[in-house]
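The values are calculated or read from the model by the stated rules, or taken from the named source; none is laboratory data. None of these values were measured; they are calculated from a predicted model. Here the Cβ is made from the backbone with ideal geometry for all residues, glycine too, and neighbour counts use every protein chain on show.
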Amino acid sequence: MSTETKSLNFLEHIIEEDLANGLAKDKLRFRFPPEPNGYLHIGHTKAIGISFGLGEKYNAPVNLRFDDTNPAKEEQEYVDAIKEDVSWLGYKWAEERYSSDYFQELYDWAILLIKDGKAYIDSQSSQAMAEQKGTPTQPGVDGPYRNRTVEENLDIFAKMKAGECNEGEHILRAKIDMQHVNMLMRDPIMYRVLKKDHHRTGSDWCIYPMYDWTHGESDYIEQVSHSLCSLEFKPHRELYDWFKEQVHGFAKDKYPMQPKQREFARLNLSYTIMSKRKLLKLVEEGIVSGWNDPRMPTISGLRRRGYTPQSIRKFVETVGVAKRDNLIDVSLLEFCIREDLNKKADRVMAVLDPIKVVITNYPEDKEEWLEAENNQEDASAGFRKVPFSRELYIEKEDFKVEASNKFFRLKLGGEVRLKNAYIIKAESVVKDTEGNVTEINCTYSEDTEKKVKGTLHWVSIKHAIKAEVREYDRLFTDEAPDSHADKDFMEFINPKSLKTIEAFVEPSLADAKIGEQFQFQRLGYFNLDIESTANKLVFNKTVGLKDSWAKVKPKTATDNQQKQPQNNKRSAIDQIKSYGKKYDRMQDDQREKAKAEIQELAKNVSYEDLESLFGTAVKKAGTRIITMISLGVLIENGLEKNEAINDFISKALDDKNDLLVAEAKALA
RNA sequence: UGGCCUAUGGUGUAACUGGUAACACGUCAGUUUUUGGUACUGAAGAGUCUAGGUUCGAGACCUAGUGGGCCAACCA
């Protein structure tokens, strides 16, 4: 039954292989290592899901480690927020650790490294050091302090630690190789002087270790078996291993296992950004109301917006993990939250854009409390009462004076069901001086068994509560606002990402609790925002319902930004080649179209491009056919036949593929 | 004039040591429905960036090319 074995991702393959090669299962250990310099976002969720997910899968401990080596940027506030977010997602860490826990051990090892002649004090300006470092295409050169004596190095390093040196005066670097192809191996910095108080160690230290020196050794101290990080750290792996081997030489008895760093592609989500720095800018410039603005891709923003931990975990699980760059469509995230809320959220009625309906044959002073099912997906959700009376609101969009029979809603002379109530018929309308409908007069029928095409949601005007509803649109107008070399992401800010609506909701919502989630029937999922008060209800729209009616309706201009097939940025010859792959398998009419397309493309192809295809293997008939077609175009445009061409044609004439023969005959 | 990583339907991920491309989202159609939602059924959509090679057989292995990404902070 549920024995279906899910295929493994590449990280699981690595772990399985290590296990098969003798790694004991109880030695597996992972970690999630955020720097406490900002709030966690949906991108981190992937990293969290991978490491904690592996922990759950293999029943291995996962540490939450704060990578707190830069007191200039880090704060306790962020530590607290990160812990809250990870817990909220439902993950439990084995131990809460801090890189700063290891400052002393790191320092001791650094001294051993100096004694081994593997590290030295450099006393140049950062600029001078940068110049000596070279570039990715040019090797670096050794600096003047590279061969200081061990004694001098030890002496200065002690002074640095004692606070006797100013920032920028001296740094400690590893002595590796200034000519190394990997820039990170060109004597990387291990320690700098930073006269700043640390949120945990206070003023104990005035030298702080750099990332590369700290991170790997923290993994090592914690005996993490697999240290998983994103792709941009791939070049760091070589240095990670170098440091690890040095330190292992000092401490193999205490710490027997050497961790292994592996890298995966980070998550990118369409129409948003994932950089902490850029998110901070949105906050600082007031584009959003804070880190937890419901439009933000932060975990706290998503939480406030109404996303559930389950939906986010499901999302991370479905996007998977690999090493190629990706851009995931927000529709997948939306699918995950809809799927979750469909089962959990009670249904209620709310009208966001009202128009008045008067039931003329319903007594003026009468009111009824009708029974309504809370959630048809969940029998245990029970029922509630909703009030019905003579005057109601329905959505403006749900009424048209005249409409085709594809319009299942209310039209003059037509009948429609009011959800949980009666069937009504529109008899006449009241219009204002400009001709806009302001009121619809209807009659009702108590026969609720009747078949009618549409069902509308509604609220009784007398009983309805006014509420503020906030509807959100994507924060950016560009699919990947982050990825334009020539444009700043701020240029793509969507000015209409927030829409505030005055809505009318059914009275049962009066005692909704902060964060509680509802489906406003036929509209979408909403939750009660933290800014809501007893006097003023405020709802966030989490996500709309899937709306297949919207697709039938004539589209607005903004919806119509159709995606261009991306192959038009490929060169003509490449496009022709891709036709070659399938040409001989196409059906006749498709093939004719393809041929016309190839002939058009061939006008932009050089003979040299084509000639390189003359040697194509005999079995690849399609490629040779498209080559022949393109050649025909070039010849028509004045290309002289040469030996290579004649040879190519005569070989084709003898081929067993009829299509190829036909094309060749045309040129012979 | 470098090094490393990467390339599979529109998107994301699969395909165990080579055996003829699967799953999810999205799209389209139908059935059910007191939500144009949900559920259910079905369909279309890639021959795996290009070329060459190894092989009886290549998405997978090798070579070259092309496209994309990463690498020069006293950041992580």
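Overview of results
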{"quantity": "Tabulated pairs, the stretch A:363-388, first free of Cβ contacts under 8 Å to residues at least 24 places away in the same chain, second within 14 Å of RNA strand B (Cβ to nearest atom) and assigned to a loop (DSSP other than H, G, I, E, B), C-beta under 9 angstrom, 6+ apart or interchain", "calculated": "A:Glu368/A:Ala421; A:Gly382/A:Asn374; A:Gly382/A:Asn375; A:Phe383/A:Asn374"}
{"quantity": "Candidate set from the stretch A:241-261 (those that are of a type outside the set (A, V, I, L, M) and crowded, with 23+ Cβ neighbours inside 10 Å); member that is farthest from the chain's Cα centre (by Cα)", "calculated": "A:Phe243"}
{"quantity": "Matching entry among A:Gln124, A:Gln104 (being without any contact (Cβ under 8 Å) to a residue 60 or more places away in the chain, within 29 Å of A:Asn37 (Cβ to Cβ) and in contact with a Phe, Trp or Tyr (Cβ under 8 Å, 6 or more places away or on another chain))", "calculated": "A:Gln124"}
{"quantity": "Neighbours by Cβ (under 9 Å, 6+ apart or cross-chain): first from the stretch A:502-518, touching a residue at least 24 places away in the same chain (Cβ under 8 Å); second assigned to a loop (DSSP other than H, G, I, E, B) and polar (S, T, N, Q)", "calculated": "A:Ala512/A:Ser532; A:Gln517/A:Thr308"}
{"quantity": "Search result, residues across the stretch A:515-545 that are closer than 22 Å to A:Asp378 by Cα and not in a strand (DSSP E or B)", "calculated": "A:Gly515, A:Glu516, A:Gln521, A:Arg522, A:Leu523, A:Leu545"}
{"quantity": "Failed item, numbered, when A:Ser99 is tested on (1) crowded, with 20+ Cβ neighbours inside 10 Å; (2) within 41 Å of the chain's Cα centre (by Cα); (3) over 16 Å from A:Phe66 (Cα atoms)", "calculated": "(3)"}
{"quantity": "The lone exception for A:Gly290 - which of (1) surrounded by fewer than 19 Cβ atoms within 10 Å (Cβ to Cβ); (2) touching a residue at least 24 places away in the same chain (Cβ under 8 Å) it fails", "calculated": "(2)"}
{"quantity": "Residues being closer than 20 Å to A:Gln261 by Cα and assigned to a strand (DSSP E or B) - total across the stretch A:45-104", "calculated": "7"}
{"quantity": "Whichever residue in the stretch A:615-630 is assigned to a loop (DSSP other than H, G, I, E, B) and closer than 20 Å to A:Asp658 by Cβ and, among such residues, is modelled with the lowest pLDDT", "calculated": "A:Lys619"}
{"quantity": "Matching entry among A:Glu427, A:Glu439, A:Glu434 (being acidic (Asp, Glu), under 19 Å from A:Lys396 (Cβ atoms) and in contact with a Lys or Arg (Cβ under 8 Å, 6 or more places away or on another chain))", "calculated": "A:Glu439"}
{"quantity": "Filter result for the condition that a residue is modelled with pLDDT of 95 or more, of a type in the set (S, T, N, Q) and within 14 Å of RNA strand B (Cβ to nearest atom), over A:Asn405, A:Asn361, A:Asn375, A:Asn441", "calculated": "A:Asn375"}
